[in-house]
Amino acid sequence: MQELTADVIRASFVNADERDLEILDLPPDLMLADWFHLDFLAWRDPATRSRCYAVVELDGEPTGVVLRVAASSSRARNGICNICRTMQPGNQVTMMSARKGGEAGRREESIGTYMCADASCHQNVRIAHPLAPGEFRADVDFRIDSTARRMRDFVRRVRDAD
């Protein structure tokens with residue numbers, strides 16, 4: 001992922017209004033980001049825990065979406081994130097929704113998906129699990145690429161809602 005400044009990140013949001021941008025808090029560790037190894041940037045707002053943000057590269061441009069975190073967590077014992085496809089305890093996966101971009105967003109239409117509650121999808125697929133018999137490193141690389149593709153697809157669906 002290309003290195004992004006705070007101003008570029010703020011300008012990238014396709015479904016944010018002025019109020020969203022006013023209350024947006026960037027990730028506290030942004031200055032330490034290893035941009036070469038990031039497939040996308042996602043974080044929970046440290047000041048407004050009901051918000052999450054994701055920025056991906058679409059057509060060579062940074063494109064971000066504001067997500068709203070569901071008020072209550074799942075009562076399920078386990079859950080699966082639709083982005084990284086990681087099985088986790090139910091309270092670590094939550095519904096997040098994004099108001100669509102453009103006219104559809106002005107009509108208050110939204111798209112939702114289950115995601116890691118701490119927006120750690122990028123890290124979760126990189127956790128070094130012991131390889132199962134017959135599993136190759138390529139399987140892990142495939143998971144990383146698939147996670148990035150699913151996040152880009154989600155952001156594209158928000159952006160291209162009209």
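The values are calculated or read from the model by the stated rules, or taken from the named source; none is laboratory data. Computed from a predicted model, the values in this text were never measured in an experiment. Note that we place each Cβ from the backbone using ideal geometry, even for glycine, and neighbour counts take in every protein chain shown.
If you scan the range 94-117, which residues turn out to be under 12 Å from the mean Cα position of the chain (by Cα) and in a loop (DSSP other than H, G, I, E, B)? Result: ALA117, single match. Does CYS81 fit the bill of being in contact with a Leu (Cβ under 6 Å, 6 or more places away or on another chain), surrounded by 19 or more Cβ atoms within 10 Å (Cβ to Cβ) and closer than 21 Å to PHE154 by Cα? So CYS81 does not fit the description; no. Going through (1) touching an Asp or Glu at 6+ places or on another chain (Cβ under 9 Å); (2) exposed (fewer than 15 other Cβ atoms within 10 Å of the Cβ); (3) on the phi > 0 side of the Ramachandran plot one by one, GLY102 falls short only on (2).
Once the range 107-139 is narrowed to residues that are modelled with pLDDT of 75 or more and of a type in the set (A, V, I, L, M, F, W, C), the residue that is surrounded by the fewest Cβ atoms within 10 Å (Cβ to Cβ) is ILE127. Taking only the range 24-50 into account, find how many residues are surrounded by 12 or more Cβ atoms within 10 Å (Cβ to Cβ) and outside any loop (DSSP other than H, G, I, E, B). Matching residues across the range 24-50 total 5.
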